[in-house]
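Below is one structure; the comments refer to it alone.
The values are calculated or read from the model by the stated rules, or taken from the named source; none is laboratory data. A quick note: this is a predicted structure, and the numbers were derived from the prediction, not measured. In this analysis, Cβ positions are derived from the backbone assuming ideal geometry, glycine residues included, and neighbour counts consider all displayed protein chains. These area figures cover heavy atoms from the full protein model, side chains too; ligands, DNA and RNA do not enter into them. Shrake-Rupley method; radii C 1.70, N 1.55, O 1.52, S 1.80 Å.
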Amino acid sequence: MKSKKLLFPYTVWMAIFVVIPLFMVLYYAFTDKSGAFTLENLQYIPKHLPIYWDSLKVALISTAICLILAYPLALIMANMKASMQRMMNMLIMLPMWMNFILRICAWVIILRPNGILDSILGVFGFGPNTIYHTTTAIVIGVVYNYLPFMVLPIYTSVSKISRSVIEAGEDLGCNSFNVLRRIILPMSIPGIVTGITMVFVPAASTFVISLRLGGYSLIGDTIDQYYKGGSFNMQAGSMLSLVLMVIILISMAIMNRFDNGEDAGIV
Amino acid sequence: MKKIISFLLVLSLLFAGTGIFSSCSSDGENAKNRKLVICNWGEYICDSDEDGFFDVIKKFEEETGIEVEYLTAETNETLYSTMKAGGVNYDIIFPSDYMVQRMINEDMIAELDFENIPNFSNIIDRFKNPYYDPENKYTVPYFWGTVGIIYNTSMVSEEVNSWDILWSDQYPPNMILMFNNPRDAFAIALNKLGYSMNTVNEEQIKEAAEELKKQKFNFVMDEFFELMPSGGAAIGPYYAGDYLDVLQDNEDLAFVRPESGTNIFNDVMCVPAASKNKDLAEQFINFMLRADVGKCNTEYLGYSTPNQAVYDILDEDLKNSEVAYPSEIPETWEYFEVLPDKINDLMNELWVDIVSKNK
C-alpha cells in the first residue's frame with residue numbers, strides 16, 4: 001500500500017511530461033494544419049530515409065567506439081583502490097557539469113580551420129587537419145559527449161562481481177583471459193546493455209553536434225528545422241519523431257532480448 | 001546516514017539561496033512584481049561597460065526599477081515558431097521587416113500607444129510608415145542594414161564583387177560560410193541567378209536550391225562572430241553592422257556589397273499581442289529611442305540607426321562610413337516581403353534536403 005502511494009508523484013510526472021507529449025506527437029503526426037485527420041504526413045518518411053540511415057550509422061559507430069573505450073576503463077577502475085575509484089568517477093562525470101552546447105562550441109574551436117588542433121599540428125609541421133565537417137567529427141563529438149553513460153553502468157556491474165567468483169575460476173584453472181571471457185564478461189552483460197542503450201538512443205536522435213561539427217544535419221537537426229524553421233511544420237516534425245521513436249524502440253527490443261537471454265544463461 | 005545529512009545540507013543551502021533572492025526582490029522598488037521579458041537577437045544591444053559605453057539593460061533597470069529578463073533568439077524563423085508554439089511570454093521582440101509583416105497579418109502583434117513613446121519623433125521620416133506597417137501602428141524601427149560579403153584579405157587576394165566567390169573552389173570548402181536559415185541563404189542564391197529575392201516561382205526556388213547544393217558551405221548564424229575574426233573562415237555573407245563589429249578584432253577583414261544587389265532590411269521593436277506588460281514595453285521602447293541610449297547601441301554594434309537624434313551625435317568616422325550609411329541605395333537592393341505559406345513550406349523542405357546533403 002505504502003509503496004504505491006510513494007509512486008504517485010512519479011506517476012503524475014510521467015503523465016504530464018511523458019504520456020501527454022507522446023500523444024501530442026501522435027496527434028500532430030496524423031493531422032494537417034487545420035487539425036483534420038490525414039495520412040498525408042506519411043509522405044515525409046521516404047524523403048528522409050537517407051537521413052535516418054546517416055543517423056543510425058553515426059549512432060552505431062559511436063556506440064561501438066564507446067563500448068571499446070569504456071569496457072577496459074571500467075574493468076581497470078573496478079580494480080582500483082576505493083579512493084582512486086571515487087576520483088575516477090568524479091573525473092568521468094566532471095565534463096557533464098558543463099553545459100552541453102558550450103562543450104560542443106569548444107570542439108568547434110579545437111577542430112575548425114586554424115583552430116587549436118591546427119596550431120598544435122603546425123608546430124610539428126603537419127596539418128591542416130581535415131576532421132572538421134566530416135562524419136568523423138560528429139562521431140568524436142558523440143563519443144565525447146556520451147562516453148560517461150557507457151562507462152558508469154559497466155563499472156557498476158563489474159564492481160558488483162564478487163571477488164570469490166573470480167577466485168573460484170582461477171582455482172579451477174582458468175587463466176586470466178578465460179576469467180574475463182567466461183566470468184566477468186557474461187556477468188557484466190546487464191551493464192553493457194544499459195550502456196549501449198544509454199549511448200545509442202541519444203546518439204541516434206542527436207542534433208547540434210552533427211550540424212556544428214559535421215557540417216550537415218542528421219535526423220535530430222531535421223526535426224528541429226521542421227519545428228523551428230519558418231514554415232513551422234509541426235506535422236512533419238512529429239511524423240519524423242514518431243518514426244525515430246519506432247526505430248529506437250525496435251533497437252531496444254532487440255537489445256533487451258539479448259540481455260534476458262544472457263541473464264538466463266548465468267542463472 | 002552521512003549521505004542523508006549531506007543531502008539535507010545541500011537542500012537547505014539551495015533553499016537558503018532562493019530565500020535570499022526572493023527577499024531581495026520583494027524589498028525592492030518593484031512592488032508590482034512585474035517583469036519585462038525581452039527577446040532580442042544575439043549581439044544586438046550594448047552590454048559593455050567599456051569607456052563611453054554602458055550596459056543598456058542594466059541602465060534601464062536602474063532608472064525605472066523594472067526588472068528585465070533578457071533572452072535571445074537566433075533567427076526570425078525560430079522566433080516565429082517559438083511564439084506560434086506558445087508557452088513564451090515575450091513583451092518585446094525585434095523581428096525583421098518581412099517577419100513582422102507576417103506576424104501582423106496573423107494578429108500576433110499589439111498596436112502601440114505612441115503617446116507613451118514620445119521619442120518616436122526622433123525617427124527619420126523615411127523610416128516612418130514602412131511597407132510592412134503602412135500606418136505605423138505596430139512597430140518602431142530599431143536598426144536597418146544590408147547584407148554583404150565579408151572576407152579575410154589575408155586569405156582572399158582576388159577582387160570580390162559578386163556572390164560567385166561563395167561558390168569558388170579556390171578555398172577549403174568549410175572556410176566559406178553561409179547563413180544557417182533558409183530565407184537569407186535562398187535570397188543570395190536567387191540574386192546570384194538573377195531572380196528576385198521575393199520570388200514565388202517554384203521553379204526558380206528549386207533552381208536556387210540546386211545552386212546551394214553545389215558548394216559545401218559552413219552554415220552558421222551567431223558562430224560567425226567566432227569564426228570570421230579568428231581566421232576560422234575566409235569568406236561569408238553577413239550583416240554590414242556585424243562587419244564593423246568584427247573589424248575591431250581583425251583588421252584584415254573587408255566588406256563588399258555585390259553589384260548584382262543584396263538584401264536591405266529594417267529590424268523593428270514591437271510588442272507581441274499576448275504581452276501583459278505593454279505599458280512597460282512602451283516605456284522600454286521609448287528608452288531605446290533616447291539619443292544617449294541609441295548612440296551607445298549604434299556605436300557599439302555598428303548597425304545603421306534610423307534615429308536622427310542618434311545619428312547627429314555619432315562618432316564622425318561612423319557617420320561617414322559607406323558600410324553603415326551608404327550614400328545611395330540602388331534599386332537592386334531588395335527588402336524581404338512575406339512569402340505565402342506554400343512557398344515557405346517548399347523552401348523549408350528544400351532547405352532540410354540541402355543541409356542534410358552538405359557532406
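When the Kirkwood radius is taken over all Cα pairs of chain A, what Stokes-Einstein diffusion coefficient follows at 37 °C and 0.692 mPa s, in µm²/s?
153
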Rounded to the nearest 10 degrees, the helix A:135-160 long axis (Cα) sits at an angle to the longest Cα principal axis of chain A of 40
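Within a 10 angstrom radius of each residue's Cβ in A:205-216, how many Cβ atoms of other chains show up on average? Whole number is fine.
3
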What relative contact order, as a whole-number percentage, does chain B give when Cα pairs under 8 Å and 6 or more residues apart are counted? 25
To the nearest 10 Å², what's B:Thr298's accessible area with a 1.4 Å probe? 0
So which GluC sites (Glu not before Pro) in the range B:258-359 pass both tests, a DSSP loop state and at most 13 other Cβ atoms within 10 Å of the Cβ? B:Glu259, B:Glu322, B:Glu328, B:Glu331
Let me check something: with ligands and nucleic acids excluded, how do A:Arg182, B:Arg257, B:Arg183, A:Arg257 order by accessible area (1.4 Å probe), largest to smallest? A:Arg257, A:Arg182, B:Arg257, B:Arg183
Skipping prolines and chain starts, which residues have an amide H placed within reach, meaning under 5 Å, of the one on B:Tyr142, given they are 5 or more residues away or on another chain? B:Asp267, B:Val268, B:Met269
Amide H to amide H under 5 Å from B:Leu253: which residues, 5+ apart in sequence or cross-chain, H placed 1.01 Å off N in plane? B:Thr153
All-pairs alpha carbon distance profile, chain B, 20 Å steps from 0, percent: 27, 54, 17, 2
The ³J(HN,Hα) series, computed from each phi in the range B:273-283 with the Karplus coefficients 6.51, -1.76 and 1.60 at θ = phi - 60°, rounded to the nearest Hz and given as x for glycine or proline, is 4, 7, 5, 9, 10, 4, 5, 5, 4, 5, 4
Under 10 Å, Cα contacts only: if you run a Gaussian network model on chain B, which one of B:Ile264, B:Ile235, B:Ile329 comes out with the highest mean-square fluctuation? B:Ile329
How big is the convex hull of the Cα atoms of the protein assembly as shown, per residue, in Å³? 219
MRE, 222 nm, helices only [DSSP H, n ≥ 4, -39500 (n - 2.57), over chain A, to nearest 500]: -23500 deg cm²/dmol
When chain A is modelled as a GNM with alpha-carbon springs shorter than 10 Å, which of A:Cys105, A:Cys66, A:Cys174 fluctuates the most? A:Cys174
Amide H contacts of B:Glu69 (H built 1.01 Å from N, under 5 Å, at least 5 apart or other chain): B:Leu36, B:Val37, B:Ile38
Rank these by accessible area, largest first, 1.4 Å probe: A:Lys5, B:Lys357, B:Lys295. A:Lys5, B:Lys357, B:Lys295
Using only the heavy atoms of the protein chains and a 1.4 Å probe, how would A:Ser164, B:Ser81 rank by accessible area, largest first? A:Ser164, B:Ser81
Roughly to the nearest percent, how much of the accessible area of the protein assembly as shown is carbon and sulfur, given a 1.4 Å probe? 61
Top mean-square fluctuation among A:Gln225, A:Gln43, A:Gln85, Gaussian network model of chain A, C-alpha springs under 10 Å? A:Gln43
Accessible area per residue, 1.4 Å probe, Å², for the protein assembly as shown: what's the number? 49
Total accessible surface hidden between A and B, rounded to 100 Å², 1.4 Å probe: 2500
Mind checking which aspartates and glutamates have their Cα closer than 14 Å to the Cα of A:Lys57? Skip sequence neighbours fewer than 8 apart in that chain. none
